[in-house]
Every structure is written in C-alpha cells, then in structure tokens.
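The values are calculated or read from the model by the stated rules, or taken from the named source; none is laboratory data. Keep in mind that what you see is a predicted model, and the values were worked out from it rather than measured. Note: ideal-geometry Cβ built from the backbone for every residue, glycine included; neighbour counts use all protein chains shown.
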Amino acid sequence: MALSAPPDLDKAASEPPEEVVATLQQVAQALKIQRGITSDDIFRGGYVWDIVDKSERHQCLQWLGRTVEWATKKWMLSEQDEWEQVAEMAAKLTSELCGKGASGAVQRRVSLWRRDGDPLLVGGIAVHEPSFVHADVGCKTWGAAILLARRIARQSVDISAFRRCIELGSGTGLLGLAAGCALRGLEGASVTMTDYLPVLIQAAREGARANGLLDNGAIVPMKMDWFEMAQDIVALSENREEPTRGTISIPIANYLDAVHRDATAAGNEWEGRIEPTLGAKESKGAFDLVIAADVLYEMEHCYVIALLANHLLAATKPGVGEPYVAPRFILTTPLRSTHWREVAAFEAEMAATPTMCLVSRDDTTRADDLDSWISGIKDKGSATMLASDLNLARAIGEDAGDSLIYRTYVYERC
C-alpha cells in the first residue's frame, strides 16, 4: 500500500527500511516512464512522488539528498552492503533528476581533504558553474577534475615542489582552484587557468576571487586557443620537419560556433570583454607543471594536448649542485567506451615525444580512490572525525552515482 507521506529516515534503523527502498523504486519507475520506458514492474509500497510537478520534484530531490547522507553514514558505521546499495541508488536518482541542461548559472562548493583528513579549505572550494547555454560541456564540474583535485589535495599526487603551474581547459575551475589552494603561501607559486570561452575564463576568475586566490596572484585566468597556439608552435619551430598530420584543424565539438553563441546568448555579461591571451612565444618553457582533466573528447585534442604540454614545460636544468625537480605533466581522463580511440591516440602521441617520459599510469573509480584513502587513515581521531563528516558522506553518495573508470598519467621532462 502506498504511503501518504515520504518515509522518515530512522537514525536507529539497523537495516534499510522497506518503505525507503520502495520509495526509491517508485522514483526510479517514474523516471523510466518519463523517459518513455514501459515496465511490467509494479511497486505497491513506498511514497509516490509526482516528479512532473516542479514543487514535488524539488521536495523529492531534498528527500533523496537526505537519503544519500543518511544511508552513507549508516554504511560507514556498519559496512553493510545494503546501506551502500541504498546510498548508490539515491545518488543515481538524484543525478538523473538534476538535469543540468535547463539550469542556470550556480555556485557550488566541493569539499576536498588533506592526507590526514583535515579539509583543504574549510567549507569547501567555491566553484562557479555557468549555464549550459553559455558554456556547453564546460558548464559542469566533471568527475576527472574531482578525482585529480582530491589527489592533489591529499598529496597522493604531490605538486608541492612546483611553482609555475598551468591548467589546460579549466572549465568550471575546480582542478586549478585546488592546485591554487595546495600551493597557497609558497613563495613564487601561481596557477595559470586557461580556457577558450570568455564565460569559462570569467568562471575561473570568480572562483579564484571567492576562494581568496585572485588578488594575491595565486590564480591567473587567461584565454588560450589550443589550435591557434598549436599552429604558432609549429610556425615558431626552427629546422622542424613538416608535421605528418599537416595543418591542425579545429573540431566542431570544441568550439560549437562559440563566437556566434557568445555574441547572441541572452544576458551574456562577458560580451565585449577582452581577455588576456596566452601566446606561443611567451609561454614556451614557462611552466614547471601542466595539469589537465577530461580534455580528450576529440581526436585532434590527442595531438594538440601532447604538443602543448611539451611546449609549455620548462626544458632547461639548473647548474651543477642546484636542486632540480623534473617538470611534470599530469592528466586524468575518463575511460569512456565511446572514446577508446582518443585515449589510444593520446598515449601513442606522448610515447612518440622523446622529451617526455611516462612516470606512472593508474586506473580507478572515484569511489575506490576515496575508499582507499579513508581505509588508509591510521589515526583513530581523524577516522572518527571523518565518520561524522556530512560533506564526506555527500561525496561518497555522489561517487556512488559515477561508475566511470578514470586513468591518471604522470609524465615528466627527460
């Protein structure tokens, strides 16, 4: 029998209540119907949300969010698989209900933790996500950026030895902002965050300002046109053989008629702004660290990213007896079934670059990476503190809705 109100989330429950599971099944069924999928399954229990109604949909999302936190905390304390399954189901339903395409610009906070469990930034890193109309795929903080940002925060990917960092394709800016926070206070350290669309450069600027990283020069937002710079790099190279692939073309998916969209989109407050642009001459060998996340979504990117990383990284070593840390290029990409050709092409291109050597490569999911870190914390006080951290519970719930495997590469100058 259907409930007349959403089920309570009992803190004393030792196992997931049937009415909660039934309500989740009802939401899943409603979403299937909304997608035009018919099913013979009939769920008689639980509460039935009218997800077509805006107010009901909002209330459903709030209940799902509380369910993710509640079930995740229960799972962390009991390690019962049933609680993990409830958290994962609620997270997936939340993801589907929160269609990004129709939403406007929003600011969100992403929690990151240091190795010992302390937050990288109290309250989380503020990230500005523009609307889909203005930023296309750049409007969302993607999983690859979240994973690499977490690793940088807890120093499993240690960038503390570097001072001149550049991010390629910053998007909403989480990765570059995390790097800026990790390097905050180190003399001479700065992160240049780059993208093509003015709205994304502005997003980086707003994120840097919100996190106290703009006025002190810790973050420098700049425009970079990968393909224009690639052409300039080839033109600048002396005594270079003609590239075997010829002139690098601009993929439609990267630009998506961006000039026209920026000029005509309603309420485009960035129209007419002249952004500082990073050029090929001044950027050659100007950085000791290049970072990027989820940038291999067109075949041409695989060629251009390798060329840019090699161009941007410093090439000279200090004098005898001076400390030296080889400049590095770190990239995380999702292993999507639709993009294996792009991943293979990138790996081949990097292997064919004699001045760049692969140091490490690993594959993991966001959930496995986070679980491995939590399990490795030996200090009981830190472990107890994390068990009651609602932001961590929320992150675990969100990770449960992301089944992608991510690959992280670390290359260094050789």
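Tabulated data for the structure shown
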| quantity | calculated |
| --- | --- |
| Residue identified as modelled with pLDDT of 90 or more and assigned to a helix (DSSP H, G or I) among VAL68, VAL27, VAL48 | VAL27 |
| Hey, VAL220 β-branched (Val, Ile, Thr), under 20 Å from GLU129 (Cβ atoms) and either modelled with pLDDT under 85 or buried (at least 17 other Cβ atoms within 10 Å of the Cβ) (or both) or not | no |
| Tally, over the stretch 86-126, of residues that are of a type in the set (Gly, Ala, Ser), more than 24 Å from TRP70 (Cβ to Cβ) and at pLDDT 80 or above | 1 |
| Verdict on ASP363 being under 30 Å from ALA71 (Cα atoms), assigned to a helix (DSSP H, G or I) and of a type in the set (Asp, Glu) | no |
| The stretch 152-206, subset on the phi > 0 side of the Ramachandran plot and under 15 Å from the mean Cα position of the chain (by Cα), residue surrounded by the most Cβ atoms within 10 Å (Cβ to Cβ) | GLY173 |
| Tally, over the stretch 44-60, of residues that are more than 19 Å from ALA22 (Cβ to Cβ) and hydroxyl-bearing (Ser, Thr, Tyr) | 1 |
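Conditions tested, residue by residue: (1) surrounded by 16 or more Cβ atoms within 10 Å (Cβ to Cβ); (2) at positive phi; (3) not β-branched (Val, Ile, Thr).
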{"residue": "VAL359", "(1), (2), (3)": "no, no, no"}
{"residue": "ASP368", "(1), (2), (3)": "no, no, yes"}
{"residue": "ASP371", "(1), (2), (3)": "no, no, yes"}
{"residue": "ASP379", "(1), (2), (3)": "no, no, yes"}
{"residue": "ILE396", "(1), (2), (3)": "yes, no, no"}
{"residue": "ARG407", "(1), (2), (3)": "yes, no, yes"}
